[in-house]
Amino acid sequence: MDRRKFAERSLVTAIVAAIASVVPGILTLRGRSRTAATKGVEAGDRLVFALGQNAGQAITDGSFSQNEAVLAYPDGKSDNHENLVLVCKLDPAAFKPPLDIAGTAHGVVAYSAICTHLGCTVRFSEEPMDQAPFPHIHCPCHGAMFDPQRGGIVLGGPPPRPLPQLPVKLNDKGEVLVAGPFAAPVGVKA
C-alpha cells in the first residue's frame, strides 16, 4: 500500500471514529432533556424526604422544628436533580418581601436546593455564625449565602440571583404539597 492510500484510509477511519464517539453523547443529552421535561415539579406533588432514615416518607408540618430544614423531592421524581428542594420551617412573623408569603404554609417555605452560581447543592445553616445572619442558606462550594426569610435573596458570594422559591401548601394530613411552579428557573439558568 502506498502512502497516499494509507493517508486516505487513516483519514476516513479518524472521521468515522469521531462521529461514532459523538453520537452516544447526543443521544444521552436528548434522553435527559425529555426526562427533565416529563418529571419536573408540578402543583399537587407531595414532598418527601430526600435523605436519611425517613427517605421517601412524606414531609409534614410536624416533621421538623422551627429554624430547621430538610432536603426533599417530589414523591416519585427523585431521578431529576433539578427537583431537589430545601424545605425550611421558620417564624412566619419574620417573613419579608420579596418572599411570596402566599406561597408559604404555617412557616414552611421551600426553595430550589440548586445554587444559582454553579449548581452545587445548598444547605441550611445549622447554627448562628458571627459573619452570617441566622437563619440562612449557604452554598459550601463558593461561600454563597441566601436569606430564606426574604425570598432567597443573595446575602453574599457570587450567585447572580436568588434561589427560586417553590410555593407550598399543607393538605388535611399536614403533608407539604407543591402549590405551583418555581418562581424562576432552577440552577444556573438565567
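Miscellaneous remarks
- Residue match in segment 105-117 (condition: without any contact (Cβ under 8 Å) to a residue 40 or more places away in the chain and either in the same structural domain as V87 (by TED's automatic domain parsing) or within 29 Å of G56 (Cβ to Cβ) (or both)): no
- Residue within segment 78-97 that is aliphatic (A, V, I, L, M), over 21 Å from A43 (Cα atoms) and buried (at least 18 other Cβ atoms within 10 Å of the Cβ) present: yes
- Residue count for segment 1-31, restricted to those that are surrounded by 11 or more Cβ atoms within 10 Å (Cβ to Cβ) and at pLDDT below 75: 0.
- So L163, is it in the same structural domain as N80 (by TED's automatic domain parsing), at pLDDT 95 or above and surrounded by 14 or more Cβ atoms within 10 Å (Cβ to Cβ): yes
- Residue count for segment 46-77, restricted to those that are surrounded by fewer than 21 Cβ atoms within 10 Å (Cβ to Cβ) and out of contact with any helix residue (DSSP H, G or I) (no Cβ under 8 Å at 6 or more places or on another chain): 22
- Matching residues, segment 128-153, being without any contact (Cβ under 8 Å) to a residue 24 or more places away in the chain and part of a strand (DSSP E or B): M129, H138, M145, D147
- Check on V154, farther than 18 Å from P74 by Cα and outside the structural domain of F64 (by TED's automatic domain parsing): no
- Residues that are touching an Asp or Glu at 6+ places or on another chain (Cβ under 6 Å), within 23 Å of V48 (Cβ to Cβ) and surrounded by 15 or more Cβ atoms within 10 Å (Cβ to Cβ) do not occur anywhere in segment 126-145.
- Filter result for the condition that a residue is over 17 Å from V168 (Cα atoms) and either under 18 Å from the mean Cα position of the chain (by Cα) or not polar (S, T, N, Q) (or both), over F64, F95, F134: F134
The values are calculated or read from the model by the stated rules, or taken from the named source; none is laboratory data. None of the values given here were measured: they were computed from a predicted structure. Cβ: placed from backbone, ideal geometry, glycine included. Neighbour counts: every protein chain shown.
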